[in-house]
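Right, one structure below, let's go through it.
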């Protein structure tokens, strides 16, 4: 169970700055409100609830009847007191109200008979000046508000650092208090058993766990444990889960907060929250502090467009200061996670701060199987579900993607009112995640034929070219933002991409556009995503992977993933305009040569292209076995495997 940190920061000697806690502030505000109500009651005209407002005529009638004891005249206002209780009957409800006091307003027209009537009925008359009492009344009414406004001004000055010290105790209404969630001992219930894969990361964290359990063991050897651990990796790879599991393995208190929660409107609030969080963690040591998405406050200072941000930079400076201030005997470890390590400030990742950096990669096949086993613990599976096969068909899936896959499959099974989750549910859930949900729009026959030949072009290129990922499925059912999809699944997880494989990928991606041009003599906009993909691959080959003979073994920043916002506009290019022209020519040459190759292959195998397109028009979706049957049926008698391995092998220049 989590709880918010509410402890106030301790102050050192000489820092006797008074702080105002939340409950005390509420009492003060409540006192001012009560004071205002009392003042309004005592000094309000008419004496409060026991007063009635009379018309001037009724006032004179009551005086004539001898029911008025005394009056006070103040300008045009007349307040008075009855000799006995004044009764007023409500005719609709028959309720009777009693009043002791009254008030009325004297007309501006002079009434010479008023004083005579008052004397005849022995009414005591008081008179007050018009100016001074009203000023006193207003002053008394304003005093509580003046005090409240003054307190807010005082608190604002404290928050902006002009008077210093207040935010250490939380500031106004706890604005400066840390928002980190605290998980006490044995409350997180997450250990390394709940984290599948990531064996290398677990080994790196094991000595952190040993240190938190027994700090003296390392102190005797003169070893300093890393103060900061930075977890880096793509989204969904388990950075947050691994941090929580580290605290669970060590059985220590775990504090979790997002980097964006430090930033507020007032400058200095984030720095105060950092101080409060570290002070509280030191009291609960041994402890683990985890800052998720630290790049929101830890980005490099003085770079990009728009200059700096005072609040963010002060928060970062405070984090750096707190990490330097760790004493060897303070068993507090700071962990942070980011998927943007390239934008972090160098001062944050230098040795002595985040000096241990752990990279989390996408899970491999065996790790994916273990992740699926963890997420299907409470999911009833049908006998036809083989998690090893599911893991093999989910290349490039992160841990979060696999969790989503299991959840989608369970939802589909529930929608179909099944008692367990079947292989069909997993296949449909996987298609929904990778390809998108099926669209219900109706496509006319002519456009459907173009889509069929486009996807048949992709499929035939994938079948005929060597060194390509195996073809699994082709469909012309609109899904997501695409009108058709050709699905290829790698046989194994690739870590290195060779030039032949990349060129074949470009050729396969261009197969759809080439098929349209061969069959219809025209091209459509359906190849937009294919062209984007092939341009990206070709640019990487030329600029980053040294696969261009004209450019040579150099690397340029073009094509880098997630460039720092604005940095490429403020830094000079690392190549000339002449080199930029050569880069563009090389990219164009690679794509053009693969287009020519795809056109030739599809033209030579026009019969197979037509057969695949007809099969798609008839069935809308073709599985691997159906594709092989169609191609074998129209085969000219040549050995298909020999044709794939030799005839269309890409020759190196």
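Of all residues in region 545-567, those being at negative phi, loosely packed, with under 14 Cβ neighbours inside 10 Å and either at pLDDT 70 or above or outside any loop (DSSP other than H, G, I, E, B) (or both) number 5. The residues in region 439-458 that are surrounded by 14 or more Cβ atoms within 10 Å (Cβ to Cβ) and more than 16 Å from residue 618 (Cα to Cα) can be counted, and the count is 3.
Yes/no matrix, rows are residues, columns are (1) within 25 Å of residue 260 (Cα to Cα); (2) in contact (Cβ under 8 Å) with a residue 12 or more places away in the chain; (3) not assigned by TED's automatic domain parsing to the domain that holds residue 235:
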site: 337; (1), (2), (3): yes, yes, no
site: 355; (1), (2), (3): yes, yes, no
site: 371; (1), (2), (3): no, yes, yes
site: 376; (1), (2), (3): no, yes, yes
site: 379; (1), (2), (3): no, yes, yes
site: 382; (1), (2), (3): no, yes, yes
site: 392; (1), (2), (3): no, yes, yes
site: 401; (1), (2), (3): yes, yes, yes
site: 421; (1), (2), (3): no, yes, yes
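Restricting attention to strands (runs of 3 or more DSSP E) lying wholly within region 160-265, give those where 3 or more residues are modelled with pLDDT under 80.
Details: elements: 181-183, 228-232, 253-258.
By residue number, 181-183.
Does region 528-536 contain at least one residue that is assigned to a helix (DSSP H, G or I), over 20 Å from residue 468 (Cα atoms), under 37 Å from the mean Cα position of the chain (by Cα) and modelled with pLDDT of 85 or more? Walk me through it before giving the result.
Residues of region 528-536 that are assigned to a helix (DSSP H, G or I), as a first pass: 528-536.
Right, trim to over 20 Å from residue 468 (Cα atoms) and you get 528.
Those left that are additionally under 37 Å from the mean Cα position of the chain (by Cα): 528.
With modelled with pLDDT of 85 or more added as a condition, the list becomes 528.
Within region 528-536, one or more residues are assigned to a helix (DSSP H, G or I), over 20 Å from residue 468 (Cα atoms), under 37 Å from the mean Cα position of the chain (by Cα) and modelled with pLDDT of 85 or more.
The values are calculated or read from the model by the stated rules, or taken from the named source; none is laboratory data. Note that the structure is predicted; figures quoted are calculated from it, not measured. Cβ atoms come from the backbone with ideal geometry, glycine included; neighbour counts cover every protein chain shown.
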